[in-house]
1. Just subtract the alpha-carbon distance of Ser163 and Arg3 from 0.36 nm times their residue separation and send over the number in nm, one decimal.
2. Taking the 0 to 90 degree range and rounding to the nearest ten, how far is the long axis of helix 174-190 tilted relative to the main principal axis of the chain, both from C-alpha atoms?
3. Please give the per residue accessible area of the range 102-164, computed with a probe of 1.4 Å over protein heavy atoms only, in Å².
4. What do the square roots of 5 times the Cα gyration tensor eigenvalues come to for the range 113-155, in whole Å, largest first, as semi-axes of the equivalent ellipsoid?
5. Helix-only mean residue ellipticity at 222 nm, the chain, DSSP H runs n ≥ 4 weighted -39,500 (n - 2.57), per residue, nearest 500. What is it?
6. How big is the dipole moment of the chain about its Cα centre under a simple scheme where the beta carbon of each Lys and Arg is +1, that of each Asp and Glu is -1, and everything else is neutral? Debye, nearest 20, please.
7. Gln53 versus Ile78, label points 7 Å from Cα toward the beta carbon: distance in nm?
8. Leaving out ligands and nucleic acids, note down the accessible area per residue over the range 1-80 with a 1.4 angstrom probe, in whole Å².
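The values are calculated or read from the model by the stated rules, or taken from the named source; none is laboratory data. Note that the coordinates shown come from a computational prediction; the quantities given were computed from them, not determined experimentally. Every residue, glycine among them, receives a Cβ derived from its backbone with ideal geometry; neighbour counts consider all protein chains shown. These area figures cover heavy atoms from the full protein model, side chains too; ligands, DNA and RNA do not enter into them. Shrake-Rupley method; radii C 1.70, N 1.55, O 1.52, S 1.80 Å.
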Amino acid sequence: PSRARLGDLLHGIYRRRSLAVWTIWFCTYIIIYGLNTTMPSLLRTIYHATLEQSIAYGFYASGLGLVFTVTGIFLIDIYGRRPLFMLGQLSSSVTLLLLGWLSGPEIGLYTVMGLAMLSSAFNSILALGLSTYTAELYPTEMRALGVVVGNAWVRFASVIGPSFIGWAIPTIGLNWVYGVFGVFAIIGGLT
């Protein structure tokens, strides 16, 4: 039986595939973990949302994410993985860049909630399909390793995203946080 090694993911035709899919994994999940885990706290501390509003945000964001995920299931084989992933990431970048541009004392709570929910929902399209897409990029003997390493980028992003927000808000401001996440979405979409 053949055995795959980590280095095999970076040889020949698999180098480009691996680097691309790792970039997409990281860019998708730095946004998902960065914003989804901290948004309820941001709503409470920065936008002065009530506890009920903050909890409602989580509920509605999850529901909208589910709708986008199910929609993605039906559209992925019609339009293809790459176009759908690109649309999801680039659409997410639009909402994040709008948040970065509009975010200030005058922005309404529900505008912030709506844009953040849309960003999360657009990323939900990728979250479901990335494992399958990654598996499709490799031959049988490399498939499990390719998916495992892709998921390792998720874990890395799950640490970096919230940590970045904790550092960035007092250092460079919340507008730049949204802007940086918007740039990650653009990088992921173009990749």
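1. Length gained between Ser163 and Arg3: 53.9 nm.
2. 30
3. 43
4. 28, 10, 4
5. Rounded to the nearest 500, the figure is -30000 deg cm²/dmol.
6. I would put it at about 580 debye.
7. Simple spin-label model gives 3.7 nm for this pair.
8. 60
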